[in-house]
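Undergrad: Below is one structure. I have some questions about it.
Values quoted throughout were computed directly from the atomic coordinates according to the rules given, and no laboratory measurement underlies them. If you're wondering where the values come from, they're calculated on a predicted model, not measured in any experiment. A quick note on method: Cβ atoms are made from the backbone with ideal geometry, for glycine too, and the neighbour counts reach across all protein chains shown.
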Amino acid sequence: MSVETQQTFPQQAPAPAAGGVPLGAVLMLMAVMGWSFVGAIRCYARPAGGVASGLAAPPVAAVGQDGAEPGDEPPPDSQYALADSSESPEAEADAEPGEDEGEDDGGGDGGGDGEDGGEAAIETEFSKSFTPPEQTEDWAEQLELPKTVKYTVRFGGSLVRVANLFKIYHHEIQALNPGVDPERELPPGTKVVVYKGEGAPGEGGESVDYAGAGSISDPGGIPMVEGPGRIPKATPWKTFAIAETIAVMDLALRRWAKRPGAQKVLVGNMSQRGGGRLKPHSTHQSGRDVDIGYIQKWDGKEELNWRKMNAQNLDPGETWALLQTFVGTGAVEVIFIDRGLQKLLHEYARAQGVTEAALEPWMEYPRRTGEGAPMIQHVAGHDDHIHVRFACPPGQDRCKSRAQE
Ligand SMILES: [Zn+2]
């Protein structure tokens, strides 16, 4: 159900600003380029020291990642790739947070049709809401798959520009927004349709193969929906996923938004439309991986953004509540969190009276990395974002997950 009241497009085109290209677009472009540059450096500088010191070579047989590349690639983003524990938070593997394209809080309430009517308010009492994680068989049954996805223009630009941001064809975006001149300057706040479907299974493609060597089958994935509880913080073309992932993300974030005082969650990289390699990640290939932000101690003055988290800026209670909200969907297969942050979460839970035994299925800590098969596992580089992998939807037989092995 859409609560959209704003019309999709102003029918009268405002006069383009004199001088053509709006400042906002220029700034955004500069921001994107700047981040790409930084990312390139990080990517480039990463392997030698960090990998050699902290990580042994991936056991290829166990990993089963045909597409994993040797050499200067970061290790596959999986516990199975880490034969040895890496205690060093400096050992960066998959340290790419969602990319900041210079856009502010998306805010808007457009997007998903995933109304979750009648959800109970989230418990605010930590100890009462603490239950061990489990992935349920029927998690996908009640999901409302996206029918329409809209993108809210932040600084201006045209339909063509939005198409470029999402890497969708110009003829596609024209068909999705009939009657709009593709070159016309759109004022900030304009909602552009970037996807339309029937909400039927399979419309967003299927997740194929492993997250570290996979793809999204034709016709390709669906872009992440805007909505409550979230701040889009990635380049739009990196925010595609299979429909089930989009729907369950929307569900979790809508539930999260009902929590009193809930901080909005940064939503970062997901997959490309067709999946496949999404540098610098080694995973994010099959439409089931999502980067989200930790909940921060935040003064509300600066813009919420990706940060290296530590005891000073991590809000462990709220981060726990966020993890519980996500895991509570029954759709989460595994979560990657840096071991040092697992320790902070563990200590917080223990201080709240949660037993060691109750924490065991939740996280590796204080066991060695790779021990057990808890929900939260260490993969280096996840100290500025949480990596959530959702399960293979029932019926998608080409989707491969290590849990099935
Ligand atoms: Zn990730």
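Undergrad: Beyond a 29 Å Cα-Cα separation, which of these cross-linked pairs lie in this structure: 191/297; 279/308; 196/301; 191/308; 147/264?
TA: Violating the 29 Å Cα-Cα cut-off are 191/297; 196/301; 191/308.
Undergrad: Run the numbers for residue 181 and residue 358: contour at 0.36 nm per residue of separation, minus the present Cα-Cα distance, in nm.
TA: The residue 181-residue 358 span can extend by a further 57.9 nm.
Undergrad: Something else: Under a Cβ-Cβ cut-off of 14 Å, what is the net charge of the residues other than residue 134 that fall near it, where Lys and Arg count +1 and Asp and Glu count -1?
TA: Net charge around residue 134: -4.
Undergrad: So if R0 is 56 Å, what FRET efficiency would residue 171 and residue 343 give, r being the distance between their Cβ atoms, rounded to the nearest 0.05?
TA: Step by step, r from the Cβ atoms, then E = 0.60.
Undergrad: Fewest to most neighbouring Cβ within 10 Å: what's the order for 332, 248?
TA: Taking fewest neighbouring Cβ atoms as first place, the list is 332, 248.
Undergrad: Further, regarding this structure: Counting DSSP beta bridges in segment 127-404, what percent are antiparallel, to the nearest 5?
TA: Beta bridges within segment 127-404, antiparallel portion: roughly 75 percent.
Undergrad: Residue 279 versus residue 138, label points 7 Å from Cα toward the beta carbon: distance in nm?
TA: 4.6 nm
Undergrad: Can you list, largest first and rounded to whole Å, the semi-axes you get for segment 127-404 by taking the square root of 5 times each eigenvalue of its Cα gyration tensor?
TA: Its equivalent ellipsoid spans semi-axes of 33, 22, 16 Å.
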